[in-house]
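Have a look at this one.
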Amino acid sequence: MAHRAIAANPRELQWIVAARAFRAFGDGFVSLLLPAYLLSLGYSAFVVGIIATATLLGSGVFTLGLGLHAHRYRTRTLLLAASTLMAVTGVSFATLTDLWPLLLVAIVGTLNPSAGDVSVFLPLEHATIARLAPARTRTAWFARYSLTGAMAAALGAACAGVPQWLSAHGMPMQVALSRMFLVYALLGVACALCYRRLPRDTPERSDAGAALVHGRRIVHALAALFSLDAFAGGLIVQSMLALWLFERFDLAPAAAGLIFFWTGVLSALSYLVAVRIADRFGLVNTMVFTHMPSSVLLILVPLAPSLAIAVALLLARSALSQMDVPTRSAFVMSVVPPAERAAAASVTAVPRSLAAAASPILAGWLLAGSSFGWPLVCAGVLKIVYDLLLLAVCRNMPAVAGTKPSDGASN
């Protein structure tokens, strides 16, 4: 049935996926180089946590506002504006060194310290995919969207070693790191070129971003659950996890990039498996029973006696931890009417920024006091609690008016 999804409106879907790839590639290396860059400027692990918190907090506020008011504007215009902001963010981080200007840019910009997508682009792209893709192949399209982003992020992580290579050839490390933020800015331009290919005369329909009415209760329940997972995830956003590897094992950015390349590849491949599992066992069951074992593996990582064992545990976790990404997106889109999908995507995505915003500061504080890896343990325990609550609340969640159970609401 996948060919019918593509035939439904291939150009818009393909350009959105292409832009997702550019953004993810930039996030892949920036999330690893951000802590290295800030450390090179003389800032502490605690300051790294503050900057990461600022980026997540700013993204959450902007994403919430955008998702609730997107129906008033053309999607193409909003995406182009976000791409411009991405380019400005990259140039600003490449040229500024003082803490307060960097903090301001972190709040209003598009920088992403995590491996996932927590940007203002998210509600617009999710709502567009849900609108264009047929219900029967919606999970597959979200999997393709997530797969492309994960693979691009993995390639970006592999490029985190470029500054080290430039440094070996005579360029000061701090300068080499700053140049990567200029690359990030160019990727924002590439995203704008993709979005420019969207039709000018196809704004979001007036009902495509309507505020939540029928699905309000369900979406708010999901948002509350996702906020717990987001808080836990904020403790181990890729920037903070990289910082732990730097301090615990004295790892170089190039080596960390190679590790996160393979974790990204495994996460990407898991999206394909998630679709098959969801077709057989349901969306919620797939989300819970793949996510919970990954949390157990996360708890075990700080207990690893060597880097090799720690990396093996991280790789095993990556093969499981992201299967809930496409299934979660498809589930949210299936339990609300089509008219409320943009708002639902925004309200459920925002906790991944707002609830996670306080976590990197806490993680930085914990890492400043001990290199054991307490943020990983805390994150794993909280994620297991989230999984159990999600199963209890959502396993038999009914579809609402305007959405068929076949969309994925039923398990």
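Quick test of your reading of the structure: PRO293 fulfils all but one of (1) over 30 Å from THR137 (Cα atoms); (2) more than 20 Å from the chain's Cα centre (by Cα). Name the failing condition by number.
(1)
Quick test for you: out of SER306, SER294, SER239, pick the one residue that is on the phi < 0 side of the Ramachandran plot and modelled with pLDDT under 90. Walk me through how you get there before you give the answer.
On the way: SER306 fails: modelled with pLDDT under 90; SER294 fails: modelled with pLDDT under 90.
Residue meeting the stated conditions: SER239.
Among the residues that make up region 291-300, is at least one of them assigned to a helix (DSSP H, G or I) and hydroxyl-bearing (Ser, Thr, Tyr)? Please lay out each step first, then the result.
So in region 291-300, the residues assigned to a helix (DSSP H, G or I) come out as 291-300.
Remaining after also requiring hydroxyl-bearing (Ser, Thr, Tyr): 294-295.
For region 291-300, residues assigned to a helix (DSSP H, G or I) and hydroxyl-bearing (Ser, Thr, Tyr): present.
How about region 254-271: which of its residues are crowded, with 23+ Cβ neighbours inside 10 Å and within 16 Å of LEU34 (Cα to Cα)?
Let us first name the residues in region 254-271 that are crowded, with 23+ Cβ neighbours inside 10 Å, namely 256-257, 259-260, 263-264, 267, 270-271.
Scanning region 254-271 gives ALA256, GLY257, PHE260.
Name every residue in region 38-97 that is of a type in the set (S, T, N, Q), within 22 Å of LEU193 (Cα to Cα) and at pLDDT 90 or above, in order of residue number.
SER83, THR84, THR89, SER92
Still on this model: Would you check which residues across region 240-286 are without any contact (Cβ under 8 Å) to a residue 60 or more places away in the chain, touching an Asp or Glu at 6+ places or on another chain (Cβ under 9 Å) and of a type in the set (A, V, I, L, M, F, W, C) and list them?
Within region 240-286, none qualify.
Are there any pairs, at least 6 apart or on different chains, whose C-beta atoms fall under 7 Å, with the first in region 154-171 and within 13 Å of ALA252 (Cβ to Cβ) and the second surrounded by fewer than 16 Cβ atoms within 10 Å (Cβ to Cβ) and aliphatic (A, V, I, L, M), and if so, which?
Taking only residues 6 or more apart or on different chains, the pairs are GLN164/ALA252.
Okay, moving on. Given the criterion of a type in the set (Lys, Arg), in a helix (DSSP H, G or I) and over 30 Å from PRO35 (Cβ atoms), identify the matching residue among ARG280, ARG248.
From the options ARG280, ARG248, the qualifying one is ARG280.
Find the residue count for region 102-126, including only residues that are out of contact with any Phe, Trp or Tyr (no Cβ under 6 Å at 6 or more places or on another chain) and at pLDDT below 85.
Counting residues in region 102-126 that are out of contact with any Phe, Trp or Tyr (no Cβ under 6 Å at 6 or more places or on another chain) and at pLDDT below 85 gives 14.
The values are calculated or read from the model by the stated rules, or taken from the named source; none is laboratory data. Since this is a predicted model, take the numbers as computed values, not measurements. Counting neighbours? That spans all protein chains shown, and the Cβs are built from the backbone with ideal geometry, glycine included.
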